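The values are calculated or read from the model by the stated rules, or taken from the named source; none is laboratory data. Keep in mind that this is a model prediction, so the values were computed, not measured.
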Amino acid sequence: MVPDFTKALLNVSESGTLRDLEKRMLGSEECVDQDTIHDAYGSLGLSTFWSLFLLTGGTSTIALATYVIISLRQYYQREGISPITIISDIRYIMYRRKRFSRKVSDLESPNKLEMT
């Protein structure tokens, strides 16, 4: 079978039929001006991919938040800490922060400095 295919291929290439097929299939090989291609398709930039960035950022943020929540839940269950204790600890930290900021603002007040 191989000799028959080889003979047929040689006949097609020698007769010029192969060249005619190439011209019809590939078309002309004219050079195209780069400016017309650039204007027709535009350029790629950050604005082109904004939806992809938004989708990726949103998905990554949700995955990170889910991981943190699951990890914290497992840690608190393993340590035997109840959610009520966590809420009271957060309230205590916020209270201490407010007291600290009041003390700092009292020290920086010009009226307090003049009185001493």
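So, residue 76, is that one at pLDDT below 80 and among the aromatic types (Phe, Trp, Tyr) or not? Walk me through how you get there before you give the answer.
Details: at pLDDT below 80: no; among the aromatic types (Phe, Trp, Tyr): yes.
The answer is no for residue 76.
Condition first: assigned to a helix (DSSP H, G or I), at pLDDT 80 or above and of a type in the set (S, T, N, Q). Can you find one or more residues in segment 85-106 that meet it?
Scanning segment 85-106, I find at least one residue that is assigned to a helix (DSSP H, G or I), at pLDDT 80 or above and of a type in the set (S, T, N, Q), so the answer is yes.
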